[in-house]
Amino acid sequence: MSKEKFILEYDFKQISPMLLWDFISTAPLLEEWFADKVECNEKEYTFYWNKVPQVAHLVNSRVGVFVRFHWADDATNRTSFEMRITTSELTGDTMLSVTDYADNDELEDLQELWNNEIERLQRRLGVL
């Protein structure tokens, strides 16, 4: 089954892009909103949810701009998930875009999962 690409965008108001960068790229701060536990060994990240590990490889990043991961157990090398920081030209607000892939029957669930995780991050940073 082919996976469908989707992009979600979130407003982080006047949060510093570098502060947001730390929260999307460092293991200790990813633990505060994304996973229960995160271990990093160079470019291999192990995310734990309910003590179940899931390994992802950091395939690309640019400091202060984006991180892109590929799940190790995903046989499709074309899929990854990315978190990208931009600044709104209209408002000057810091924005976070999430790009991910899902099977059609899992699309709504995965989008809701991202919405919940990003809401946790926004609350942690005092945006909500």
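A few remarks follow.
- Across the options Ile15, Gln122, His70, the greatest Cα extent toward the positive end of the charge dipole of the chain (unit charges at beta carbon of Lys, Arg, Asp, Glu) belongs to Ile15.
- For the chain, the per residue solvent-accessible surface stands at 60 Å², with DNA, RNA and ligands left out and a 1.4 Å probe.
- Bridgeable lysines around Lys43 (alpha carbons under 23 Å apart, same-chain partners fewer than 8 residues away excluded): Lys51.
- Cα gyration tensor shape of the stretch 1-60, rounded if a/c is under 1.5, else prolate or oblate by comparing a/b with b/c: oblate
- Highest GNM mean-square fluctuation among Met18, Met95, Met83, for the chain modelled with Cα contacts below 10 Å: Met18.
- Within the accessible surface of the stretch 47-112, defined with a 1.4 Å probe on protein heavy atoms only, the carbon and sulfur portion equals 46 percent.
- Those GluC sites (Glu not before Pro) in the stretch 86-128 that DSSP places in a loop and that have at most 10 other beta carbons within 10 Å: Glu89
- For the stretch 90-117, the residues whose amide N sits under 11 Å from a probe point set 7 Å from the Cα of Ile7 along the beta carbon direction are 97-100.
- Summing Cβ point charges (Lys, Arg +1; Asp, Glu -1) relative to the Cα centre of the chain gives a dipole of roughly 460 debye.
- Cleavage-rule hits (GluC sites (Glu not before Pro)) in the stretch 1-63: DSSP loop, at most 10 neighbouring Cβ within 10 angstrom: Glu42
- A Förster distance of 25 Å, applied to the separation of the beta-carbon atoms of Val52 and Glu32, puts the FRET efficiency at 0.85.
- Dividing the mean sequence gap of close Cα pairs (under 8 Å, 6+ apart) by how many residues the stretch 52-99 holds gives a relative contact order of 27 percent.
- Counting only Cβ charges, +1 for Lys and Arg and -1 for Asp and Glu, the dipole size of the stretch 1-64 around its Cα centre is about 180 debye.
- Chymotrypsin sites (Phe, Trp or Tyr not before Pro) restricted to DSSP loop in the stretch 46-84 with at most 10 other C-beta within 10 Å: none
- Building the convex hull from the alpha-carbon atoms of the stretch 12-101 and averaging its projection over directions returns 6.2 nm².
- Average Cα contact separation per residue, the chain, under 8 Å, 6 or more apart, as relative contact order %: 31
The values are calculated or read from the model by the stated rules, or taken from the named source; none is laboratory data. The model shown is predicted, which means the values in this text are computed figures rather than measured ones. Positions of Cβ are backbone-derived with ideal geometry, glycine not excepted, and every protein chain shown enters the neighbour counts. Surface accessibility is based on the protein's heavy atoms, side chains included, excluding ligands, DNA and RNA. Shrake-Rupley method; radii C 1.70, N 1.55, O 1.52, S 1.80 Å.
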